[in-house]
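Right, one structure below, let's go through it.
The values are calculated or read from the model by the stated rules, or taken from the named source; none is laboratory data. Just so we're clear, the structure is a prediction, and the values are computed from it rather than from any experiment. Methodologically, a virtual Cβ is constructed for each residue, glycine included, from the backbone with ideal geometry; neighbour enumeration extends over all protein chains shown. For the accessible areas, the whole protein counts, side chains as well, though only heavy atoms, and no ligand, DNA or RNA atoms are used. Shrake-Rupley method; radii C 1.70, N 1.55, O 1.52, S 1.80 Å.
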Amino acid sequence: MPQQVYRLAIVFGLVIVGLVAARVLLVPKTFGEVGHYRTAAVDSIVKHPKKYAGHQTCTACHGNHASAPLNVKPLAPRERGFCPLCHAYNPSRPTGFPQIDPVGHNPMVPCVNCHDPHAPEPPVTPQECSACHGQIARQKAVSHHAALSCATCHESPEEHKIDPRAVEVGKPVDRGFCGGCHAQAEPGTPGIPQIDLSSHGQEYLCWQCHYPHFPEI
């Protein structure tokens with residue numbers, strides 16, 4: 001082996017060892033569990049005390065007062081169209097972001113009549129997941145799973161409906177769950193696709209290949 005190749009192999013080996021060591025020693029344990037961030041950070045953020053968010057944050061709703069706080073009394077926007085600028089349903093917004101249909105959600109009523117903008121927890125716990133997961137609800141509505149409630153497959157604690165980022169929703173962790181409807185049975189259930197769990201997909205969970213909210217894809 002030429003000397004240059006031998007030295008290059010040593011360099012690559014050291015780089016690989018360094019990357020593996022960095023991942024083991026430096027990457028937090030909860031990183032990547034539910035996304036490209038440290039899952040435990042959510043709990044840490046929730047524990048932070050509330051504080052002044054800054055001039056720029058207040059300006060979005062209280063523009064004149066933020067510019068001249070001693071001379072202008074802050075007024076809460078009461079126009080029906082103001083809050084929907086951010087909270088009207090829009091499929092481009094991230095899932096879990098509170099969204100409503102302004103036409104069907106308490107029409108003509110100012111949002112501040114029911115919600116405190118500085119602590120906008122809903123006055124009544126939402127009973128429909130579509131309040132925050134509008135895009136998913138619309139996909140599921142045209143799929144073969146349309147008749148199933150979200151609670152059929154998800155464990156949703158009441159706390160999640162009030163503080164969704166602090167309390168996660170559970171989802172199936174074994175193949176037998178989907179097999180309750182889709183495993184081959186005698187006689188087969190009309191209209192429901194059925195597979196042999198022992199050979200289909202090997203060890204993978206069903207939702208790792210099939211999108212449950214629109215399984216036809």
Search result, residues across the stretch 56-82 that are open to solvent by 80 Å² or more (accessible area, probe 1.4 Å) and more than 28 Å from the chain's Cα centre (by Cα): Asn64, Ser67, Leu70, Asn71, Lys73, Leu75, Arg78, Glu79
Identity of the residue in the stretch 103-135, surrounded by 12 or more Cβ atoms within 10 Å (Cβ to Cβ) and of a type in the set (A, V, I, L, M, F, W, C), that ends up farthest from Asp174 (Cα to Cα): Val112
Being at pLDDT below 85 and among the β-branched types (Val, Ile, Thr) is the filter here; which residues of the stretch 159-191 pass it? Ile162, Val167, Thr189
What number of residues within the stretch 136-153 are open to solvent by less than 60 Å² (accessible area, probe 1.4 Å), without any contact (Cβ under 8 Å) to a residue 40 or more places away in the chain and closer than 30 Å to Lys47 by Cα? 1
Residue under question is Asp101, and the condition is that it be under 21 Å from Pro123 (Cβ atoms) and charged (D, E, K, R); does it hold? yes
Please enumerate the residues belonging to the stretch 164-194 that are surrounded by 15 or more Cβ atoms within 10 Å (Cβ to Cβ) and outside any loop (DSSP other than H, G, I, E, B). Arg175, Phe177, Cys178, Gly179, His182, Ala183
Scan the stretch 176-217 for residues that are under 27 Å from Gln135 (Cβ atoms) and touching an Asp or Glu at 6+ places or on another chain (Cβ under 8 Å) and report the count. 1
Among the residues of the stretch 94-114, which ones are in a loop (DSSP other than H, G, I, E, B), free of Cβ contacts under 8 Å to residues at least 24 places away in the same chain and closer than 30 Å to Lys51 by Cβ? Pro94, Cys114
So Lys161 fits all but one of (1) outside any loop (DSSP other than H, G, I, E, B); (2) in contact with a helix residue (DSSP H, G or I) (Cβ under 7 Å, 6 or more places away or on another chain); what number is the exception? (2)
